[in-house]
Structures are given as C-alpha cells and as structure tokens.
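What follows is a short report on a single structure.
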Amino acid sequence: MSADLTIPIIDCSQADPLPLLQDLRQKLSPQGDVVSEAGRQKTLAVFGESLSPRQVVAKICGDVREQGLAALLDYTKKLDGKELTQESMRVSADELKAAHEAANPKFLRTIRNIRENIIEFQSKILHEDVRLIRQEGVSRVELRQRYLPLRRVGICVPGGAAAYPSTVLMTAVPAKVAGVREIVVVVPPTEFGGYHPDLLATCAELGITEVYRVGGAQAVAALAYGVEGIPRVDKIVGPGNLFVALAKQHVYGTVDIDSIAGPSEVVVLADDSAHPDYVAADLISQAEHSPGSGVLITWHAPLIEQVREALVAQLAKLPRGDLALVSLNAYGALILARDEAQACELTDLLAPEHLHISTRHPDETLEHIQNAGAIFLGHDTPVAVGDYFAGPSHVLPTGGTARFANGLCSNDFLKRSSVIWYNHAALDEASEDICRLAAVEGLTAHSASVEIRLTDD
C-alpha cells in the first residue's frame, strides 16, 4: 500500500459520537455537491463551464428529452468516448448468442444456481390478490386488491471498474418472478460493461434480449423519456454512480425508480466472540467498491485494535487494497460503544445498507435493531452471501435511507389497484355516513352522486 491506514477510531465513552456519525452519514448520502477533480475537468471539457453534478444531470436529461437519440449518442461519445449508432448501441441477438456459447459452462451453472435461489425466495414473498366479501342479508360488498406486473422495466448495470453479472441477476430475476414482460438492460460501453462477455452471457442465460451499450445519466434519461430505438419504461432500477443516482431522482415522477443510492456500506456489530480477521474482511469487502464504507461497532474494547491490525495485514495483500484503504480512511470508522444497548442505538442511527451481526447470540441482538437494508446473522454469513447467492436482492437502501426505505424485491415490480363493488342495498346502508362526511368537507357533489341513486327508494 502506498499510504497508511488512518481509519477513525471513536470511543463513545470519551466523546459524543453523534457529530462524527452524522458527518459520515452526510458523506455517504447522494447530495450531489462533491465531485472529483477529474470530474470537474470532464465537466469543463464537455459543457464549457463549471457545473455541479445536479446541473450536469439536469442538462443531460433535458437534452435527451428534447433531442432524443441524437443527444443520447452525442453524450455517449463525449462522456464515454464511444461513437455509436442506433444499430451498434444495441447488443445484437448474434452477439448475445455468441457470448452465451463461449461462456465457461461452470460460470453458466453458477448463474443458474443463483437464479434458482432468487426465484425460490422472490416467489415466496410475492403478493397475491386479496378478496374481501361483506354480506349482510341482501347487502353485499366486494373489495379486492389486484396486483399486475409492470409492463416494461429498465435496469441500470454499472460497468466502470468491474463487471457486474450479479446486478443483472438481482434485478432481472425478481422482475421476471413478478411477471414483467419487457426487461431492458442499459450498461456503459466499456470492457466491463456492454462489451464484457460474461455479462452478455448472463443476459442471454436469463432470456434478456434487449441490451443497450449506453450508461450514465443519458441512459437513465433515455429509459425515462424514450428515444428512437429505445421505448420508454415504467420503472428504472439498479445501482450506478452519483450521476446515475441523481438522474434517477431527476426523472422520478415520469417513471418510478427503486431508490437514490449512494456508495455501498456495511456496519459490523460485534462482541467478544467475533473473529477480528473476519470483521476486517467484511469491512474491506464493501470498501473495495471505492467509494464504499466499512464501520465496526463493538463494546469489546480489545477488538478495535485487533481489527485495525487485521485491516493493515489484509489490505496489503489484496489487488484492490489501495482503493479500499482510501475508502476506509474517508468513510470508515472503528467505534467502541459503552455496551450492547448503545451499540444497537448507534447502528440504528447509521441505518446501514448491510448490517452484519457478528455476536454470540445474533438473534437476540437482532431484536434490538430497527434500521438496516439487509441483515446477516452470525460469524459465517458474510455480506458476499447476500451480494451473490442467497436469494434476496442486493439492491438495497444506502446513505441512512434504510430508516424508511426497503431493498428491491419482486413486489416492487407489481402495480396494485383496489377494486370496489357495492350493490344497491349496500350503497343505501353506507349513504348516511358518506353524505355526512361529504357535508363536513363541503363537497356536495360527492353526496349528490350517492343520493341520486337512492331517490326512487
């Protein structure tokens, strides 16, 4: 490693942790007011002026909405360095077939195994129609909750520093379980994105035939508004960088979205039974996303130094150790709580995307936790199990939004409608209450719409 580990150590018995935790939470939220120097230079080169990320996104989305395909291809050229046409931006059926045929059979077997795990879990939790009948004499009321799948869904798959077949699995399979007929994948035109053979083979294995080599805010805008060759979708899901997150926020209302996600994060809640090497590995696993956050919260004081030493040793051996080191120094923390109760309170304050409860009795600790996107119990359940294999989606709320938001699942691809039927006798019985409330609100046409049906009684 080219730098030292300077991850903050916070002793809650010596200092108020709230300012430090709030600062950490602010750093990890997608506020859109921080950009790297390389990003600033790219903005100047493309737009000729210094713009904030939000201004960049508003400009890109506005141009794609007004100019359609021309703007999408222009931004793909300027931002991604790829000169594409309407034909070449879409991955052809022959390319998908060739990638699938060339894929390692063991890799495809892994994809199938994971798909089956996801299908099993997502099918079990899928909402079903509900029907309620109230029958009293001749009065009859029927109430239903009806669920129908969305018609067309867009999936954003990252492709900057790594390839992510897992994102295709964790988004497309829940959508298929819900019954979505049209699934569209957009992925940057990079070697780890739209030109990565394993990613294309995964799409082919899952039966996804509509894949476009476009990324960033321009891809989100194309999905939301529709351009020549890409009909608009009903919902956009999947992770991405800051500009993708802000673009999803920008188009929300024109389409639905899953969340406005920030950097990946994990909190490890640990007691004296936790193995420091395991804890360190868990922290690094999310920090290597770069940016990514790893936070240890424990009430066992010796674990702090043990984990710090394990971090130094492991970071030195990992190919992405330098990247993880930067993230841990900037977005990580080793926190010593007074006791288990305070540790759980601090965890709820952070409301992490991933929470790993590495304690002697994790189920008992879980009873004191309210806020987390996905929770991993016990010493032998690292976050990677959920990221890659178990069945729940790894698309989860970040930046403290697990306080109110949920991870993606098959039900998020369903649209629900209430269905109400009253016969004449039931309307007559309900009329007094309906008309009284309408009178209180001064909406006399509401009561009149009931009374006109009862005038001949």
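Step by step: first the residues of the stretch 273-287, then only those that are assigned to a loop (DSSP other than H, G, I, E, B) and of a type in the set (Gly, Ala, Ser), then the one that is surrounded by the fewest Cβ atoms within 10 Å (Cβ to Cβ). Which residue is that?
For the stretch 273-287, the residue satisfying everything is 273.
Which count do you get for residues in the stretch 384-411 that are assigned to a helix (DSSP H, G or I), surrounded by 22 or more Cβ atoms within 10 Å (Cβ to Cβ) and not polar (S, T, N, Q)?
Counting residues in the stretch 384-411 that are assigned to a helix (DSSP H, G or I), surrounded by 22 or more Cβ atoms within 10 Å (Cβ to Cβ) and not polar (S, T, N, Q) gives 2.
Evaluate the following for residue 435: is it in contact with a helix residue (DSSP H, G or I) (Cβ under 7 Å, 6 or more places away or on another chain), under 30 Å from residue 139 (Cα atoms) and modelled with pLDDT of 95 or more?
yes
With the requirement that a residue be in contact with a strand residue (DSSP E or B) (Cβ under 9 Å, 6 or more places away or on another chain) and either modelled with pLDDT of 95 or more or aliphatic (A, V, I, L, M) (or both), what does the stretch 324-339 give you?
324, 328, 330, 333, 334, 335, 336, 337
Suppose we keep only residues that are closer than 22 Å to residue 412 by Cα and β-branched (Val, Ile, Thr) within the stretch 247-273. Which one would you say is modelled with the lowest pLDDT?
Within the stretch 247-273, the match that is modelled with the lowest pLDDT is 260.
Conditions tested, residue by residue: (1) surrounded by 16 or more Cβ atoms within 10 Å (Cβ to Cβ); (2) farther than 30 Å from residue 294 by Cα; (3) outside the structural domain of residue 244 (by TED's automatic domain parsing).
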{"residue": "38", "(1), (2), (3)": "no, no, yes"}
{"residue": "50", "(1), (2), (3)": "no, yes, yes"}
{"residue": "99", "(1), (2), (3)": "yes, yes, no"}
{"residue": "114", "(1), (2), (3)": "yes, no, no"}
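The conditions are (1) modelled with pLDDT of 95 or more; (2) under 24 Å from residue 260 (Cβ atoms), and residue 207 fails exactly one of them. Which is it?
Tallying (1) modelled with pLDDT of 95 or more; (2) under 24 Å from residue 260 (Cβ atoms), residue 207 fails exactly one: (2).
Answer yes or no as to whether residue 125 is among the aliphatic types (A, V, I, L, M), in contact with a Cys (Cβ under 9 Å, 6 or more places away or on another chain) and modelled with pLDDT of 95 or more.
The answer is yes for residue 125.
For residue 292, indicate whether it is buried (at least 24 other Cβ atoms within 10 Å of the Cβ), within 30 Å of residue 53 (Cβ to Cβ), free of Cβ contacts under 8 Å to residues at least 60 places away in the same chain and not assigned by TED's automatic domain parsing to the domain that holds residue 175.
Considered against the rule, which asks whether it is buried (at least 24 other Cβ atoms within 10 Å of the Cβ), within 30 Å of residue 53 (Cβ to Cβ), free of Cβ contacts under 8 Å to residues at least 60 places away in the same chain and not assigned by TED's automatic domain parsing to the domain that holds residue 175, residue 292 comes out as yes.
Which one of these is surrounded by 12 or more Cβ atoms within 10 Å (Cβ to Cβ), within 30 Å of residue 179 (Cα to Cα) and either touching a Gly at 6+ places or on another chain (Cβ under 7 Å) or at pLDDT 95 or above (or both): 414, 443, 427?
414
Name every residue in the stretch 346-372 that is assigned to a helix (DSSP H, G or I), acidic (Asp, Glu) and without any contact (Cβ under 8 Å) to a residue 12 or more places away in the chain, in order of residue number.
364
Being hydroxyl-bearing (Ser, Thr, Tyr) and in contact (Cβ under 8 Å) with a residue 60 or more places away in the chain is the filter here; which residues of the stretch 406-457 pass it?
Matches in the stretch 406-457: 410, 417, 418, 422.
If I filter the stretch 70-87 for residues that are polar (S, T, N, Q), at pLDDT 95 or above and surrounded by 20 or more Cβ atoms within 10 Å (Cβ to Cβ), do I get at least one hit?
Yes, that holds for at least one residue.
Kindly list the number of the only condition in (1) surrounded by fewer than 22 Cβ atoms within 10 Å (Cβ to Cβ); (2) out of contact with any Pro (no Cβ under 6 Å at 6 or more places or on another chain); (3) over 30 Å from residue 80 (Cβ atoms) that fails for residue 306.
(2)
Among the helices (runs of 4 or more DSSP H) contained in the stretch 47-158, which hold 2 or more residues that are aromatic (Phe, Trp, Tyr) and either under 22 Å from residue 239 (Cβ atoms) or in contact (Cβ under 8 Å) with a residue 40 or more places away in the chain (or both)?
In the stretch 47-158, 105-124 are the helices (runs of 4 or more DSSP H) which contain 2 or more residues that are aromatic (Phe, Trp, Tyr) and either under 22 Å from residue 239 (Cβ atoms) or in contact (Cβ under 8 Å) with a residue 40 or more places away in the chain (or both).
Please enumerate the residues belonging to the stretch 412-457 that are under 23 Å from residue 130 (Cβ atoms) and part of a loop (DSSP other than H, G, I, E, B).
Selection gives 423 alone.
Which one is farthest from residue 112 (Cα to Cα) among residues in the stretch 348-391 that are under 20 Å from the mean Cα position of the chain (by Cα) and of a type in the set (Val, Ile, Thr)?
375
The values are calculated or read from the model by the stated rules, or taken from the named source; none is laboratory data. All figures in this text were calculated on a predicted structure; none of them were measured in a lab. Ideal geometry is used to build each Cβ from the backbone, glycine not excepted, and the neighbour counts take in all protein chains shown.
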